[in-house]
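What follows is a set of notes on a single structure, which appears directly below.
FYI, it's all coordinate maths here, none of it is from the lab. If you're wondering where the values come from, they're calculated on a predicted model, not measured in any experiment. No Cβ is skipped: glycine too gets one built from the backbone with ideal geometry, and neighbour counts run over all protein chains shown.
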Amino acid sequence: MQPIPRILGVLAVILASILWGTTGTAATFAPSLSPLLVGAVAMGIGGILQCLLAFTQIVAQRHLLIKYYNLLILGAVAVAIYPLAFYTSMRWSGVTIGTVVSIGSAPILSVIIEYFNRDFRLTKQWLIGAILGLLGILLLSFSDNNTEYLVYEHLIMGIFLGIVAGLTYALYSWSARQLMLKGISTKSAMGATFGCGGLLLMPIMMVMGASLFDSFTHLAVAAYMATIPMFLGYLCYGFGLANIPASTATAITLLEPVIATILAILIVGESLSLIGWLGILLIIICLIFITMPKKQQ
């Protein structure tokens, strides 16, 4: 793997993680919207926009996409499930816990998927980084903060849905990466995967979408989440997947809960203990371990 494309791929995923880290805080501006609708609008519209952007390439490579339809279907179903689980997890367990469980579980699940498909070779460097990152996630997730406790009656279910989100995130990252390795362009792989996933989310939008028009704030939140974190963020993520393994990309996105937590403190009004800040520090150290070039043997 060439160093320059790898560096650009890492930077692209970091930018995507920063954009995604704003979604939890953005969703708090429309608390009356169902998390299912928020997820369907964000990923559904964002996915269809990606598909439209890549339409010409998708048509040109339709034979390859049909040939590897199993990967496309797997990715599309995972894309459709992910936002429903993710946003419900944040609503039921809080922005911080929902985000860190969803994103924190994804790298390990991604490695398991790659390991069983013989796409991953475990190294000491990766293992140290992953352990530090997971420890940071645990400290950040269970640090004492003043998140509203009224959601905690659903805490366990929220954490479970966070793990479901992590699994589907790992699955669509892996499937999109596999399509790219089969010779399908980044735009085609991401556009087709997210476009099909977006279509699967359309029924939810049609059934529940009327509440979007209750206020300008609802429309503004929906427009922001669909175009910036989802559309622009996944364009960056797709570029990253084309240049680095899915396991590395999902590990870098451990930065997302850091951004989400900082925004929750600055904007939502949540607070974070010293243990939580230590967790953030460990996640940053994890990113250094995961992304720095491996030593030549």
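Values computed for the structure shown
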{"item": "Relative contact order for the chain, counting Cα pairs under 8 Å that sit 6 or more residues apart, in percent", "result": "41 percent"}
{"item": "Choice from Leu49, Leu255, Leu127 with maximal GNM fluctuation in the chain (Cα, 10 Å cutoff)", "result": "Leu127"}
{"item": "Percent breakdown of C-alpha pair distances by 10 Å bin, ordered from the shortest bin, for the chain", "result": "7, 30, 36, 21, 5, 0, 0"}
{"item": "Euclidean distance between Cα centres, region 169-229 to region 245-279, Å", "result": "23 Å"}
{"item": "For q = 0.11, 0.22 Å⁻¹, Debye-computed log10 I/I(0) when each Cα of region 1-89 counts as one equal scatterer", "result": "-0.46, -1.17"}
{"item": "Assigned charges on the beta-carbon of Lys, Arg, Asp, Glu; region 3-291 dipole about Cα centre (debye)", "result": "1080 debye"}
{"item": "Loop sites in region 53-136: trypsin sites (Lys or Arg not before Pro), DSSP, at most 12 other Cβ within 10 Å", "result": "Arg118, Arg121"}
